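Q: Handing you this structure, nothing more for now.
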Amino acid sequence: MHHLLDRLCREELSILIVHGDKELYRSALPGVRPLLDIWLRFPEGLTGATIADRVVGGCAARIFAHLKAARVLALTGSVSARAILAAAGIGFEVKHGVLAIRNRNGTDTCPFEQLSRHYLRAEELVPAIHTRLDQLRPAR
């Protein structure tokens, strides 16, 4: 396993972004929230950066491709993520490949993986993620 994935596990992170020896971003938050955070924090992109993430599906891959990361490492990665990153010329190393990322209950495909099939551009996908999060949030 790549040393950044080891570090991700050891430090109990969900995502870690580095450029050379410099750490650009880290988060222990679950789900898609770190994706939305990096979307806002790096409007100029992440050219040349390596992203280590626990789970990379189509949703994360579309965002990483838009941000022009150089390489993506994942503990678990989907077939759609591999295709999206390959089309963008981004290297992808995955420890455990799966056909699709599943939802938290394991009963269906992850709702954000589903969104990435309908919204092919990150600029359209990110607002759709926000809408889906609002729909999934329990009513108060």
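Read the figures in this text as sums done on the coordinates, not as results from a lab. In this text, all values refer to a predicted model and were calculated from it rather than measured experimentally. So basically every Cβ, Gly included, is an ideal-geometry build from the backbone, and we count neighbours across all protein chains shown.
Q: Within 12 Å, Cβ to Cβ, of residue 131, how many net charges do the neighbouring residues add up to if Lys/Arg are +1 and Asp/Glu are -1?
A: 0
Q: So how do 80, 14 line up by other beta-carbon neighbours within 10 Å, fewest first?
A: So the residues, fewest neighbours to most, are 14, 80.
Q: Which translational diffusion coefficient, to the nearest whole µm²/s, is obtained for the stretch 14-108 from the Stokes-Einstein equation, given a Kirkwood hydrodynamic radius over C-alpha pairs, 10 °C and 1.306 mPa s?
A: Approximately 121 µm²/s, per Stokes-Einstein.
Q: Relative to the Cα centre, what is the charge dipole magnitude of the stretch 3-136, using +1 at the beta carbon of each Lys and Arg, -1 at the beta carbon of each Asp and Glu, and rounding to the nearest 20 debye?
A: Its charge dipole is roughly 180 debye.
Q: Output the direction-averaged projected area (hull surface divided by four) of the convex hull of the alpha-carbon atoms of the stretch 13-61, in nm².
A: The orientation-averaged projected area of the Cα hull of the stretch 13-61 comes to 3.3 nm².
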